Amino acid sequence: MTSVLVTGANRGIGLGLVRQLVEEPSVAIVFAAARNVDTAKDLTAISSPKLHLVSLEIVSEESIARAHAKVSEIVGDRGLDLLINNAGIFNAYRLAGAIDKAGLMQQFEVNAVGPILLVNKFHGLLKKAAAKKGFAQIANITSALGSLETACEMSAPMPTALYAMSKAAANMLTRKLCVEFREDKIRATSFCPGWVRTDMGTDAAALSLEESTVPLAKLILALQEENNGLFYRYNGEAIPW
């Protein structure tokens, strides 16, 4: 039975994934991590014995250490089977417009640096699970906007250049994890959830939360070795790097 940690679980894609994962028969434990879990009404409204709420500030090493301790206490020697790096932010800056350095750095910290800190801290738990099960999995929720190959072809209704750069960095994390963690039987894959009607995606987006997260959750749980180091849309379509 699978144990899963989802970051950014208080709203949007993260919340949608948690809702799907607690309903999956193969999933035994779902750790839903967010900055303020006690005030996350939609998250706390989920009634499931599988669900464990974890307070986590993704750019704080101290907060990550506390979250790691809580997860470790529950999973013990079984380790953690699946880490879903979902937490992210979007700041709309035009390259020729006014750019706030603090906002720019925050975007890179949350979207790219935070996942690095998490996989580093949780490596041991993932390795334990892989030793028992034969593999463990890291799913990085990024964006097709982070694809270098299609960067000049894609358009969006808002400025996305700096967001895309942060997601490209997260995609490179996936590529490097599939090399550095291979001997430990830990796989890493990137996923684009699509343009979804969330607080970040706005009401103009094409997909409902369920249209994205229902197939996305199943796709993540069904990953095989041949998917290691690759990039997919929520519907299983491959995305070029």
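Candidates are the residues of segment 193-206 that are touching an Asp or Glu at 6+ places or on another chain (Cβ under 9 Å) and at pLDDT 65 or above; the one that is farthest from Thr142 (Cα to Cα) is Val196. The single condition from (1) more than 23 Å from Cys192 (Cβ to Cβ); (2) under 16 Å from the mean Cα position of the chain (by Cα) that Lys50 fails is (2).
Mind telling me which of the residues Val4, Val22 ends up being crowded, with 23+ Cβ neighbours inside 10 Å and modelled with pLDDT of 95 or more? Within the list Val4, Val22, the selection yields Val4. Could you list, in sequence order, the residues of segment 27-41 that are over 14 Å from Phe122 (Cα atoms) and surrounded by 14 or more Cβ atoms within 10 Å (Cβ to Cβ)? Across segment 27-41, the qualifying residues are Val27, Ala28, Ile29, Val30, Ala32, Ala34, Arg35, Val37, Ala40. Anything in segment 81-116 that is touching a strand residue (DSSP E or B) at 6+ places or on another chain (Cβ under 6 Å) and in a loop (DSSP other than H, G, I, E, B)? List them, or say none. Correct list: Asp81, Asn86.
Among the conditions (1) surrounded by fewer than 19 Cβ atoms within 10 Å (Cβ to Cβ); (2) at negative phi, the only one that Gly76 does not satisfy is (2).
Considering segment 1-26, and only residues there that are under 16 Å from the mean Cα position of the chain (by Cα) and small (Gly, Ala, Ser), the residue that is nearest to Leu126 (Cα to Cα) turns out to be Ser3. From the list Arg187, Arg175, the one residue that fits, being charged (D, E, K, R), in a helix (DSSP H, G or I), modelled with pLDDT of 95 or more and over 19 Å from Val110 (Cβ atoms), is Arg175.
Residue check: Leu83 meets all listed conditions (1) within 17 Å of Val4 (Cβ to Cβ); (2) at pLDDT below 95; (3) not aromatic (Phe, Trp, Tyr) but one, namely (2). Of the residues Ala129, Ala67, Ala139, the single one that is part of a helix (DSSP H, G or I), within 20 Å of Phe181 (Cα to Cα) and in contact with a strand residue (DSSP E or B) (Cβ under 6 Å, 6 or more places away or on another chain) is Ala129. Residue pairs whose Cβ atoms lie under 7 Å apart, separated by 6 or more positions or on different chains, with the first residue in segment 22-46 and under 18 Å from Leu83 (Cβ atoms) and the second aromatic (Phe, Trp, Tyr), do not occur. Screening Glu73, Glu23 for residues that are of a type in the set (Asp, Glu) and outside any helix (DSSP H, G or I) leaves exactly one candidate, Glu23.
The values are calculated or read from the model by the stated rules, or taken from the named source; none is laboratory data. Nothing here was measured: the structure is a model prediction, and the numbers come from that model. Using ideal geometry, Cβ is built from the backbone for each residue, glycine included, and neighbour counts are taken over all protein chains shown.
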